[in-house]
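Single-structure report; data block below.
Rule-based calculations on the coordinates, nothing more; no lab input. Keep in mind it's a predicted model, so treat the numbers as computed, not measured. A quick note on method: Cβ atoms are made from the backbone with ideal geometry, for glycine too, and the neighbour counts reach across all protein chains shown.
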Amino acid sequence: MSSVVALGIRAGYRDREVLRGVDLVADAGELVALIGPNGAGKSTLLRVLGGLLPLTAGSVTIDGIDAAALDRRAIARHIAVVPQVFETLFPFTVREIVALGRTSRLGPLGTLGSEDARAVARALGDIGATDLAERRIDRVSGGERQRAVLAMALAQEAGVLLLDEPTAHLDPAHQRATLERVATLARTRGIAVVAVLHDLNLAAAFASRVVLLADGAVVRDGEVSQVITPELVAQVFGPGLRVIAHDGRPFVIPEPATVPERRARAG
């Protein structure tokens, strides 16, 4: 069963510590949402989990194996990462971009075999991007590019999937469809998913568990209703947000701005 376990994580950049003793566990079948204000350490934690940023303290275990004992290629067979921004200098087709996800599984000659082709085709289908396969990546929209990068991660066939703002360039309908697909894949294929989400309502709708970060530390880790509460939202995000219940889940709506009435002009 796939899992990623982080214990006592401390990490940062040069002389600036960002994460201060963070614990996080994501098991097979879960979609764990990382939420919190800007600068809370969400993307930094994802980089640590993916082996892209060294620890100053703590440990990360992937599928029961200490990540420190794995090289970059081995980590890529266990963990797939979808970054906020993906750039390529070459006008690859979407299918070719998705095929890059097979790199860690290629043999010594580095050529794609029939198994790789099937994995690419399945990943395109999983994310609803089959119709984009032969289009050049520089000629698709930002949202379509994001779907292609997500398909590339799925093509890795890793047991752990890390998503950094996976819905950032998508319209509301595609945001919902993308997270619904990811949540379904987590359940049906036993993938452990950790996703940074700025939209609290998407986290409330699709996450099986939520981890709230602030100032580099975990404020609360639990079910959606235990984390997205009026008290915690006000404490961490500030005033002006109302938490309401809908179909047993909490959702956050902004309070309307108070516009002072103009005084009638005298005279």
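Under a 5 Å amide H cut-off, with hydrogens placed 1.01 Å from N, Val219 pairs with Leu212, Leu213, Ala214 among residues at least 5 apart or on other chains. Length available on full extension from Gln84 to His198: 0.36 nm per residue minus the Cα-Cα distance, which gives 39.8 nm.
Computing FRET efficiency as 1/(1 + (r/R0)^6) for Asp66 and Arg122, where r is the C-beta to C-beta distance and R0 is 35 Å, gives about 0.70.
Looking at the chain alone, DSSP beta bridges between its own residues are antiparallel in about 60 percent of cases. Dipole size of the range 28-158 about its Cα centre, with +1 on Lys/Arg Cβ and -1 on Asp/Glu Cβ: approximately 200 debye, rounded to the nearest 20. How charged is the neighbourhood of Leu46? Take every other residue with its Cβ under 11 Å from the Cβ of Leu46, and add Lys/Arg as +1 and Asp/Glu as -1. Surrounding charge for Leu46 is 0. Helices in the chain that qualify as membrane-span-like (whole DSSP H runs, Cα extent of at least 15 Å along the helix axis, mean Kyte-Doolittle hydropathy of 0.0 or higher) are 142-155. State whether the range 212-261 is rounded, prolate or oblate according to the following rule on the C-alpha gyration tensor (a ≥ b ≥ c being the square roots of its eigenvalues): a/c under 1.5 gives rounded; otherwise a/b larger than b/c gives prolate, and the remaining case gives oblate. In terms of gyration-tensor shape, oblate. For the chain, the residue among Gly216, Leu163, Val149 whose Cα projects farthest onto the positive side of the dipole built from Cβ charges is Val149. Once C-alpha pairs closer than 8 Å and six or more residues apart are averaged by separation and normalised to the residue number of the chain, the relative contact order reads 26 percent. Backbone geometry of the range 163-171 corresponds, through the Karplus equation with coefficients 6.51, -1.76 and 1.60 at θ = phi - 60°, to 3J(HN,Hα) couplings of 10, 9, 6, x, 10, 4, 10, 9, 6 Hz, x marking Gly and Pro. Between Gln156, Gln175, Gln146, the GNM of the chain built on Cα springs shorter than 10 angstrom shows Gln175 fluctuating the most. Using only side-chain charges placed at the Cβ, +1 for Lys and Arg and -1 for Asp and Glu, the dipole size of the chain relative to its Cα centre rounds to 440 debye. Along the range 214-224 the Karplus relation, 6.51 cos²θ - 1.76 cosθ + 1.60 evaluated at θ = phi - 60°, assigns HN-Hα couplings of 8, 6, x, 9, 7, 7, 7, 10, x, 5, 3 Hz to successive residues, with x for each Gly and Pro. Scaling the Cα radius of gyration of the chain by the globular reference 2.2 N^0.38 Å produces a ratio of 1.11. Any chance you could check the Cα centroid distance between the range 216-248 and the range 114-186 for me, in angstrom? Between the Cα centre of the range 216-248 and that of the range 114-186, the gap is 29 Å.
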